[in-house]
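Here is the structure we will look at, set down as C-alpha coordinates.
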Amino acid sequence: MPGFARRLDNVLPSATIAVKEEADRLKREGVDVIDFGPGEPDFNTPENIKEAARAAVARNLSHYLPTLGLPELREAIAADYRRKHGTDYAPSEVLVSCGGKNALFAAAMALFDHGDEVIIPAPFWVSFPEQVRLAGGVPVILETTEEAGFIPRAKDAEKLITPATRGIILCSPSNPTGAVIPDDELSRWADLALERDLYVIFDECYERFLYDGRSHASMAVHAARLRDRLVLASTFSKSYAMTGYRIGFALADRRVVSAMATVQSHDATHASSIVQAAALEAVKGPQDDLTRMVSEYARRRAIMVNGLRSIPGITCLMPGGAFYAFPGVAGLYERLGVSDSFGVAKALLEKARIAVVPGEAFGINGYVRFSYALATERIETGIARLREALG
Ligand code: PLP
(Lines give C-alpha, C1' and ligand atoms only; values in the text may rest on other atoms or scores of the structure.)
Protein backbone atom coordinates (compact mmCIF):
# COMPACT_ATOMS: atom_id res chain seq x y z
CA MET A 1 0.00 0.00 0.00
CA PRO A 2 1.39 3.46 -0.86
CA GLY A 3 1.96 5.66 2.21
CA PHE A 4 -0.25 8.51 3.34
CA ALA A 5 0.41 12.18 2.70
CA ARG A 6 3.08 13.59 5.02
CA ARG A 7 0.72 16.37 6.06
CA LEU A 8 -1.11 13.80 8.19
CA ASP A 9 2.03 12.81 10.08
CA ASN A 10 1.53 15.30 12.87
CA VAL A 11 -2.24 15.49 12.77
CA LEU A 12 -3.87 13.64 15.61
CA PRO A 13 -7.13 11.82 15.29
CA SER A 14 -9.36 13.03 18.06
CA ALA A 15 -7.83 12.28 21.46
CA THR A 16 -11.34 11.66 22.69
CA ILE A 17 -11.72 8.57 20.60
CA ALA A 18 -10.47 5.87 23.00
CA VAL A 19 -12.86 6.80 25.81
CA LYS A 20 -15.69 7.37 23.36
CA GLU A 21 -15.21 3.97 21.71
CA GLU A 22 -15.29 2.26 25.07
CA ALA A 23 -18.42 4.22 26.06
CA ASP A 24 -20.08 3.25 22.77
CA ARG A 25 -19.14 -0.38 23.28
CA LEU A 26 -20.71 -0.39 26.74
CA LYS A 27 -23.85 1.30 25.40
CA ARG A 28 -24.14 -1.34 22.66
CA GLU A 29 -23.96 -3.98 25.38
CA GLY A 30 -26.96 -2.35 27.02
CA VAL A 31 -25.04 -0.62 29.84
CA ASP A 32 -26.67 2.67 30.86
CA VAL A 33 -23.77 5.05 30.31
CA ILE A 34 -24.43 8.69 31.16
CA ASP A 35 -22.67 10.44 28.35
CA PHE A 36 -21.31 13.86 29.29
CA GLY A 37 -19.13 13.72 26.18
CA PRO A 38 -21.04 15.21 23.25
CA GLY A 39 -20.62 18.86 22.44
CA GLU A 40 -24.08 19.30 21.05
CA PRO A 41 -27.51 20.42 22.16
CA ASP A 42 -29.89 17.64 23.16
CA PHE A 43 -32.83 19.75 21.93
CA ASN A 44 -34.52 19.24 18.60
CA THR A 45 -34.25 21.88 15.89
CA PRO A 46 -37.06 24.45 16.33
CA GLU A 47 -40.19 23.72 14.26
CA ASN A 48 -40.08 26.95 12.21
CA ILE A 49 -36.56 26.06 11.02
CA LYS A 50 -37.56 22.52 10.08
CA GLU A 51 -40.56 23.92 8.22
CA ALA A 52 -38.29 26.29 6.25
CA ALA A 53 -36.18 23.29 5.19
CA ARG A 54 -39.29 21.41 4.06
CA ALA A 55 -40.53 24.45 2.14
CA ALA A 56 -37.14 24.76 0.40
CA VAL A 57 -37.41 21.15 -0.75
CA ALA A 58 -40.95 21.75 -1.98
CA ARG A 59 -39.96 24.81 -4.01
CA ASN A 60 -36.99 22.98 -5.55
CA LEU A 61 -34.18 25.02 -4.09
CA SER A 62 -31.98 22.28 -5.45
CA HIS A 63 -29.49 23.91 -7.77
CA TYR A 64 -25.98 25.18 -7.16
CA LEU A 65 -25.75 28.45 -5.29
CA PRO A 66 -22.93 31.00 -5.27
CA THR A 67 -19.91 29.63 -3.37
CA LEU A 68 -20.34 32.31 -0.71
CA GLY A 69 -23.88 31.12 -0.07
CA LEU A 70 -27.52 32.10 -0.51
CA PRO A 71 -27.56 35.90 -1.01
CA GLU A 72 -30.57 36.45 1.31
CA LEU A 73 -28.83 34.51 4.07
CA ARG A 74 -25.61 36.51 3.69
CA GLU A 75 -27.64 39.72 3.77
CA ALA A 76 -29.40 38.58 6.93
CA ILE A 77 -26.11 37.64 8.63
CA ALA A 78 -24.44 40.94 7.66
CA ALA A 79 -27.50 42.85 8.94
CA ASP A 80 -27.52 40.87 12.17
CA TYR A 81 -23.83 41.76 12.81
CA ARG A 82 -24.49 45.40 11.91
CA ARG A 83 -27.34 45.51 14.43
CA LYS A 84 -25.48 43.66 17.19
CA HIS A 85 -21.96 45.05 16.80
CA GLY A 86 -22.18 48.03 14.47
CA THR A 87 -20.00 46.33 11.83
CA ASP A 88 -20.09 47.33 8.16
CA TYR A 89 -19.53 43.93 6.53
CA ALA A 90 -21.28 43.69 3.17
CA PRO A 91 -23.15 40.49 2.22
CA SER A 92 -20.23 39.79 -0.13
CA GLU A 93 -18.02 39.63 2.98
CA VAL A 94 -19.95 36.72 4.46
CA LEU A 95 -19.03 33.13 3.66
CA VAL A 96 -21.65 30.52 4.49
CA SER A 97 -19.96 27.21 5.24
CA CYS A 98 -20.68 23.60 6.18
CA GLY A 99 -20.61 24.26 9.92
CA GLY A 100 -18.39 26.62 11.85
CA LYS A 101 -15.66 24.02 11.48
CA ASN A 102 -15.49 24.43 7.71
CA ALA A 103 -15.30 28.21 7.93
CA LEU A 104 -12.39 27.86 10.37
CA PHE A 105 -10.71 25.30 8.14
CA ALA A 106 -11.07 27.54 5.08
CA ALA A 107 -9.54 30.39 7.11
CA ALA A 108 -6.57 28.25 8.16
CA MET A 109 -6.01 27.08 4.58
CA ALA A 110 -6.32 30.57 3.16
CA LEU A 111 -4.20 32.44 5.72
CA PHE A 112 -1.50 30.10 7.02
CA ASP A 113 1.46 28.91 5.06
CA HIS A 114 4.13 26.28 5.63
CA GLY A 115 6.05 27.11 8.77
CA ASP A 116 3.73 29.91 9.86
CA GLU A 117 3.26 29.98 13.59
CA VAL A 118 -0.21 30.44 15.00
CA ILE A 119 -0.84 31.21 18.65
CA ILE A 120 -3.62 29.13 20.19
CA PRO A 121 -4.54 29.45 23.87
CA ALA A 122 -4.99 26.15 25.72
CA PRO A 123 -7.32 24.61 26.74
CA PHE A 124 -8.36 24.80 23.08
CA TRP A 125 -11.10 23.39 20.91
CA VAL A 126 -9.67 20.15 19.51
CA SER A 127 -9.65 21.18 15.85
CA PHE A 128 -7.72 24.48 16.10
CA PRO A 129 -4.19 23.01 16.23
CA GLU A 130 -5.01 20.24 13.76
CA GLN A 131 -6.45 22.66 11.21
CA VAL A 132 -3.31 24.78 11.48
CA ARG A 133 -1.18 21.66 11.00
CA LEU A 134 -3.23 20.56 8.00
CA ALA A 135 -2.53 23.97 6.49
CA GLY A 136 1.20 23.36 7.05
CA GLY A 137 1.44 25.79 9.95
CA VAL A 138 2.78 25.31 13.45
CA PRO A 139 0.46 25.70 16.44
CA VAL A 140 2.14 27.60 19.28
CA ILE A 141 0.29 26.96 22.50
CA LEU A 142 -0.34 29.68 25.05
CA GLU A 143 -1.16 28.03 28.34
CA THR A 144 -3.85 29.50 30.57
CA THR A 145 -4.66 28.51 34.13
CA GLU A 146 -7.70 27.85 36.26
CA GLU A 147 -6.46 30.56 38.68
CA ALA A 148 -6.68 33.09 35.84
CA GLY A 149 -10.15 31.80 34.93
CA PHE A 150 -8.66 30.23 31.77
CA ILE A 151 -8.71 33.68 30.17
CA PRO A 152 -5.94 34.08 27.59
CA ARG A 153 -4.03 37.34 28.12
CA ALA A 154 -2.50 39.20 25.20
CA LYS A 155 0.52 40.22 27.28
CA ASP A 156 1.35 36.54 27.87
CA ALA A 157 1.31 35.93 24.12
CA GLU A 158 3.95 38.56 23.45
CA LYS A 159 6.80 36.29 24.49
CA LEU A 160 5.61 33.63 22.03
CA ILE A 161 5.77 35.92 19.03
CA THR A 162 8.61 35.29 16.56
CA PRO A 163 9.21 36.51 13.00
CA ALA A 164 7.24 33.42 11.87
CA THR A 165 4.09 34.26 13.85
CA ARG A 166 1.21 34.88 11.51
CA GLY A 167 -1.97 34.59 13.50
CA ILE A 168 -3.90 34.09 16.70
CA ILE A 169 -6.98 31.93 17.20
CA LEU A 170 -9.29 33.00 20.02
CA CYS A 171 -12.51 31.36 21.11
CA SER A 172 -15.06 32.97 23.41
CA PRO A 173 -17.11 31.65 25.09
CA SER A 174 -14.64 28.81 25.16
CA ASN A 175 -15.05 25.17 24.45
CA PRO A 176 -13.99 23.43 26.71
CA THR A 177 -13.71 25.84 29.67
CA GLY A 178 -16.73 28.11 29.19
CA ALA A 179 -14.41 31.07 29.86
CA VAL A 180 -15.55 34.37 28.42
CA ILE A 181 -12.85 36.81 27.31
CA PRO A 182 -13.80 40.28 28.59
CA ASP A 183 -14.02 43.27 26.30
CA ASP A 184 -10.89 44.99 27.58
CA GLU A 185 -8.82 41.85 27.02
CA LEU A 186 -10.17 41.52 23.47
CA SER A 187 -9.07 45.08 22.92
CA ARG A 188 -5.52 44.16 24.06
CA TRP A 189 -5.49 41.23 21.65
CA ALA A 190 -6.59 43.57 18.87
CA ASP A 191 -3.74 45.97 19.75
CA LEU A 192 -1.26 43.11 19.67
CA ALA A 193 -2.50 41.90 16.28
CA LEU A 194 -2.08 45.38 14.85
CA GLU A 195 1.33 45.99 16.41
CA ARG A 196 2.72 42.63 15.30
CA ASP A 197 0.87 42.38 11.97
CA LEU A 198 -1.09 39.21 12.74
CA TYR A 199 -4.37 37.70 11.64
CA VAL A 200 -7.00 37.15 14.33
CA ILE A 201 -9.46 34.32 13.95
CA PHE A 202 -12.25 34.79 16.46
CA ASP A 203 -14.50 31.79 17.04
CA GLU A 204 -17.80 32.84 18.59
CA CYS A 205 -19.74 29.62 18.00
CA TYR A 206 -21.12 29.80 21.57
CA GLU A 207 -22.00 33.51 21.40
CA ARG A 208 -25.61 32.85 22.48
CA PHE A 209 -24.72 30.73 25.50
CA LEU A 210 -23.99 33.27 28.19
CA TYR A 211 -25.15 33.29 31.79
CA ASP A 212 -25.70 35.55 34.79
CA GLY A 213 -26.80 38.44 32.62
CA ARG A 214 -23.57 38.59 30.59
CA SER A 215 -23.74 39.91 27.06
CA HIS A 216 -21.44 38.67 24.34
CA ALA A 217 -18.10 40.45 23.98
CA SER A 218 -17.21 39.98 20.34
CA MET A 219 -14.03 40.85 18.50
CA ALA A 220 -16.52 42.27 15.99
CA VAL A 221 -16.45 45.55 17.92
CA HIS A 222 -12.82 45.91 16.81
CA ALA A 223 -13.66 45.04 13.20
CA ALA A 224 -13.11 48.59 12.00
CA ARG A 225 -9.48 48.72 13.11
CA LEU A 226 -8.78 45.03 12.41
CA ARG A 227 -10.60 45.13 9.09
CA ASP A 228 -8.05 43.37 6.86
CA ARG A 229 -6.85 40.88 9.48
CA LEU A 230 -9.96 39.62 11.27
CA VAL A 231 -12.06 36.52 10.64
CA LEU A 232 -15.22 36.15 12.72
CA ALA A 233 -16.50 32.57 12.67
CA SER A 234 -19.78 31.30 14.04
CA THR A 235 -22.38 28.62 13.54
CA PHE A 236 -26.04 27.71 13.64
CA SER A 237 -25.15 24.31 15.11
CA LYS A 238 -25.27 25.20 18.79
CA SER A 239 -27.65 28.19 18.95
CA TYR A 240 -30.41 26.56 16.93
CA ALA A 241 -29.71 22.90 17.72
CA MET A 242 -28.74 22.26 14.10
CA THR A 243 -25.50 20.30 14.50
CA GLY A 244 -26.37 17.71 11.86
CA TYR A 245 -27.50 20.31 9.33
CA ARG A 246 -23.86 21.40 8.99
CA ILE A 247 -24.15 25.13 8.62
CA GLY A 248 -21.99 27.96 9.87
CA PHE A 249 -20.44 31.14 8.53
CA ALA A 250 -17.60 33.63 8.68
CA LEU A 251 -17.35 37.36 8.18
CA ALA A 252 -14.14 38.95 7.00
CA ASP A 253 -12.75 41.60 4.73
CA ARG A 254 -13.62 41.07 1.04
CA ARG A 255 -10.06 39.94 0.19
CA VAL A 256 -9.91 37.45 3.04
CA VAL A 257 -13.38 36.11 2.29
CA SER A 258 -12.52 35.59 -1.37
CA ALA A 259 -9.40 33.65 -0.39
CA MET A 260 -11.54 31.49 1.89
CA ALA A 261 -14.14 31.09 -0.86
CA THR A 262 -11.41 29.85 -3.20
CA VAL A 263 -10.70 27.06 -0.70
CA GLN A 264 -14.40 26.26 -0.27
CA SER A 265 -14.99 26.33 -4.04
CA HIS A 266 -12.63 23.36 -4.44
CA ASP A 267 -13.90 21.59 -1.36
CA ALA A 268 -17.59 21.61 -0.37
CA THR A 269 -18.57 24.18 -3.08
CA HIS A 270 -21.15 25.50 -0.67
CA ALA A 271 -23.34 24.42 2.23
CA SER A 272 -26.54 22.59 1.26
CA SER A 273 -29.10 24.89 -0.37
CA ILE A 274 -31.93 23.39 1.72
CA VAL A 275 -29.99 23.93 4.92
CA GLN A 276 -29.19 27.52 3.95
CA ALA A 277 -32.91 28.20 3.59
CA ALA A 278 -33.43 26.72 7.06
CA ALA A 279 -30.62 28.91 8.43
CA LEU A 280 -32.27 32.00 6.93
CA GLU A 281 -35.35 31.23 9.00
CA ALA A 282 -33.13 30.75 12.06
CA VAL A 283 -31.71 34.28 11.68
CA LYS A 284 -34.92 36.02 10.68
CA GLY A 285 -37.57 34.02 12.51
CA PRO A 286 -38.67 34.14 16.15
CA GLN A 287 -35.90 33.60 18.72
CA ASP A 288 -38.08 32.27 21.58
CA ASP A 289 -36.78 28.69 21.30
CA LEU A 290 -33.25 29.97 21.65
CA THR A 291 -34.14 31.94 24.77
CA ARG A 292 -35.91 28.92 26.23
CA MET A 293 -32.94 26.64 25.53
CA VAL A 294 -30.44 29.06 27.06
CA SER A 295 -32.44 29.41 30.28
CA GLU A 296 -32.61 25.61 30.49
CA TYR A 297 -28.81 25.43 30.06
CA ALA A 298 -28.44 27.98 32.86
CA ARG A 299 -30.43 25.71 35.18
CA ARG A 300 -28.37 22.68 34.18
CA ARG A 301 -25.11 24.58 34.62
CA ALA A 302 -25.97 25.26 38.25
CA ILE A 303 -26.84 21.60 38.91
CA MET A 304 -23.72 20.37 37.13
CA VAL A 305 -21.23 22.75 38.70
CA ASN A 306 -22.67 22.65 42.23
CA GLY A 307 -22.80 18.85 42.01
CA LEU A 308 -19.16 18.66 40.93
CA ARG A 309 -18.05 21.13 43.58
CA SER A 310 -19.71 19.03 46.27
CA ILE A 311 -17.28 16.17 45.58
CA PRO A 312 -14.02 16.26 47.54
CA GLY A 313 -11.00 16.34 45.24
CA ILE A 314 -12.81 18.17 42.43
CA THR A 315 -12.48 21.92 41.78
CA CYS A 316 -14.73 23.64 39.29
CA LEU A 317 -14.99 27.20 38.01
CA MET A 318 -18.45 28.49 37.22
CA PRO A 319 -18.31 28.76 33.41
CA GLY A 320 -19.52 32.10 32.08
CA GLY A 321 -20.69 30.66 28.77
CA ALA A 322 -21.01 27.66 26.41
CA PHE A 323 -22.42 24.41 27.87
CA TYR A 324 -19.44 22.73 29.44
CA ALA A 325 -18.03 22.39 32.93
CA PHE A 326 -14.28 21.86 33.07
CA PRO A 327 -13.43 20.60 36.55
CA GLY A 328 -9.96 20.00 37.90
CA VAL A 329 -9.61 16.32 38.72
CA ALA A 330 -5.95 16.00 39.77
CA GLY A 331 -7.27 15.64 43.33
CA LEU A 332 -8.80 12.29 42.31
CA TYR A 333 -5.65 10.66 40.91
CA GLU A 334 -4.66 8.92 44.12
CA ARG A 335 -8.15 7.69 44.92
CA LEU A 336 -8.58 6.33 41.40
CA GLY A 337 -5.02 5.01 41.09
CA VAL A 338 -4.33 7.00 37.92
CA SER A 339 -1.84 9.67 36.92
CA ASP A 340 -3.56 11.80 34.28
CA SER A 341 -6.99 12.98 33.17
CA PHE A 342 -7.16 10.28 30.53
CA GLY A 343 -6.90 7.79 33.41
CA VAL A 344 -9.65 9.64 35.28
CA ALA A 345 -11.95 9.48 32.24
CA LYS A 346 -11.30 5.73 31.88
CA ALA A 347 -11.85 5.09 35.57
CA LEU A 348 -15.08 7.11 35.65
CA LEU A 349 -16.39 5.09 32.76
CA GLU A 350 -15.53 1.83 34.46
CA LYS A 351 -16.56 2.70 37.99
CA ALA A 352 -19.39 5.20 37.55
CA ARG A 353 -20.55 4.49 33.99
CA ILE A 354 -20.20 8.12 33.08
CA ALA A 355 -18.37 9.30 29.96
CA VAL A 356 -16.37 12.54 29.98
CA VAL A 357 -13.69 13.95 27.69
CA PRO A 358 -10.15 13.97 29.11
CA GLY A 359 -8.31 17.30 29.23
CA GLU A 360 -5.48 15.98 27.04
CA ALA A 361 -7.85 16.36 24.07
CA PHE A 362 -7.86 20.10 24.75
CA GLY A 363 -4.15 20.44 25.46
CA ILE A 364 -4.24 20.33 29.25
CA ASN A 365 -3.81 17.63 31.84
CA GLY A 366 -5.62 17.49 35.19
CA TYR A 367 -9.08 18.41 33.89
CA VAL A 368 -11.99 16.68 32.19
CA ARG A 369 -14.88 18.15 30.24
CA PHE A 370 -18.49 17.54 31.21
CA SER A 371 -21.09 18.73 28.71
CA TYR A 372 -24.32 19.76 30.44
CA ALA A 373 -26.35 19.52 27.25
CA LEU A 374 -28.21 16.67 28.96
CA ALA A 375 -31.56 16.38 30.68
CA THR A 376 -31.41 17.53 34.32
CA GLU A 377 -32.27 14.06 35.68
CA ARG A 378 -29.35 12.57 33.75
CA ILE A 379 -27.01 15.20 35.19
CA GLU A 380 -28.28 14.49 38.68
CA THR A 381 -27.93 10.72 38.23
CA GLY A 382 -24.43 11.22 36.83
CA ILE A 383 -23.37 13.28 39.84
CA ALA A 384 -24.87 10.69 42.21
CA ARG A 385 -22.93 7.91 40.45
CA LEU A 386 -19.78 9.95 40.61
CA ARG A 387 -20.19 10.54 44.32
CA GLU A 388 -20.87 6.86 44.93
CA ALA A 389 -17.92 5.68 42.81
CA LEU A 390 -15.58 8.03 44.62
CA GLY A 391 -16.73 6.84 48.00
N1 PLP B 1 -15.83 25.97 17.28
C2 PLP B 1 -16.00 25.44 18.50
C3 PLP B 1 -15.33 26.08 19.66
C4 PLP B 1 -16.77 24.29 18.66
O5 PLP B 1 -16.94 23.76 19.87
C6 PLP B 1 -17.37 23.70 17.53
C7 PLP B 1 -18.14 22.45 17.64
O8 PLP B 1 -18.05 21.72 18.59
C9 PLP B 1 -17.17 24.31 16.29
C10 PLP B 1 -16.39 25.43 16.20
C11 PLP B 1 -17.74 23.74 15.03
O12 PLP B 1 -19.10 23.66 15.03
P13 PLP B 1 -19.89 23.15 13.77
O14 PLP B 1 -18.92 22.79 12.71
O15 PLP B 1 -20.67 21.97 14.24
O16 PLP B 1 -20.75 24.29 13.37
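The values are calculated or read from the model by the stated rules, or taken from the named source; none is laboratory data. The shown structure was predicted, so the numbers you read here are calculated from the model rather than taken from an experiment. Every residue, glycine as well, gets a Cβ built from its backbone with ideal geometry; the counts of neighbours run over all protein chains shown. Side chains are part of the model used for accessible areas, which takes the heavy atoms of the whole protein and leaves out ligands, DNA and RNA. Shrake-Rupley method; radii C 1.70, N 1.55, O 1.52, S 1.80 Å.
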Based on alpha-carbon centroids, what's the gap between the range 135-182 and the range 300-357 in Å, whole number please?
23 Å
What is the Cα radius of gyration of the range 1-152 over 2.2 N^0.38 Å, N being its residue count?
1.37
By accessible area with a 1.4 Å probe, ligands and nucleic acids excluded, highest first: order of K84, K20, K155
K155, K20, K84
Calculated from backbone phi, Karplus (6.51, -1.76, 1.60) coupling profile of the range 82-99 in Hz, x at Gly/Pro:
4, 5, 6, 10, x, 6, 10, 5, 7, x, 6, 10, 10, 10, 8, 9, 7, x
S234, S310, reordered so the largest accessible area comes first (probe 1.4 Å)
S310, S234
Under the 0.36 nm per residue contour assumption, what length would be gained going from the current alpha-carbon distance of A298 and L12 to full extension?
99.6 nm
With labels modelled as points extended 7 Å from the Cα through the Cβ direction, what inter-label distance (nm, one decimal) is found for K351 paired with A58?
5.6 nm
For the chain, give me the percentage of DSSP beta bridges that are antiparallel, rounded to the nearest 5 percent.
45 percent
Hey, with R₀ at 45 Å, roughly what FRET efficiency would D191 and S339 work out to, going by the Cβ-Cβ distance, to 0.05?
0.65
Per DSSP H run of at least 4 residues, take -39500 (n - 2.57); add these up for the chain, divide by its residues and hand me the 222 nm value, nearest 500 deg cm²/dmol.
-12500 deg cm²/dmol
By how many nm would the segment from R255 to A164 lengthen if fully extended, with 0.36 nm per residue of separation less the alpha-carbon distance?
30.6 nm
Could you give me the ³J(HN,Hα) list for the range 176-186, computed from phi with Karplus coefficients 6.51, -1.76, 1.60 and θ = phi - 60°, whole Hz, x at Gly and Pro?
x, 8, x, 5, 10, 6, x, 3, 5, 6, 4
Among Q287, Q276, Q131, which one moves the most in a GNM of the chain with springs linking Cα atoms closer than 10 Å?
Q287
Roll a 1.4 Å probe over the protein chains and send me the accessible area per residue for the range 282-377 in Å².
37 Å²
Of all lysine pairs in the chain that are eight or more residues apart or on different chains, those with Cα atoms under 29 Å apart total 23
Share of accessible surface on carbon and sulfur in the chain, whole %, 1.4 Å probe and ligands ignored, is 52 percent
Starting from the amide H of Y324, placed 1.01 Å from N in the peptide plane, find each other amide H under 5 Å away whose residue is 5 or more places distant or on another chain.
Y372
Cα gyration tensor shape of the range 199-283, rounded if a/c is under 1.5, else prolate or oblate by comparing a/b with b/c:
oblate
Relative to the Cα centre, what is the charge dipole magnitude of the chain, using +1 at the beta carbon of each Lys and Arg, -1 at the beta carbon of each Asp and Glu, and rounding to the nearest 20 debye?
400 debye
Can you pull the three principal axis extents for the Cα set of the range 111-176, in Å, largest first?
35, 24, 13
Log entry: pair-distance distribution for the chain, C-alpha pairs binned every 10 Å from zero, whole % per bin is 5, 23, 32, 26, 12, 2, 0
How high is the relative contact order of the chain, given as a whole-number percent (alpha carbon pairs under 8 Å, six or more residues apart)?
24 percent
Taking r as the C-beta separation of E22 and F43 and R0 as 30 Å, the FRET efficiency to the nearest 0.05 is 0.65
Residue span D212 to Q287: 0.36 nm per residue of separation minus Cα-Cα distance leaves a gain in nm of 25.1 nm
Please list, ordered by chain and number, the residues whose modelled amide H lies under 5 Å from the amide H of R369; skip anything fewer than 5 residues away on the same chain.
V357, G359
Simple SL model, points at 7 angstrom along Cα→Cβ for T315 and A384; separation in nm is 3.0 nm
HN-Hα J couplings of the range 259-264 from phi, Karplus 6.51/-1.76/1.60, θ = phi - 60°, integer Hz, Gly and Pro as x?
5, 5, 5, 4, 4, 4
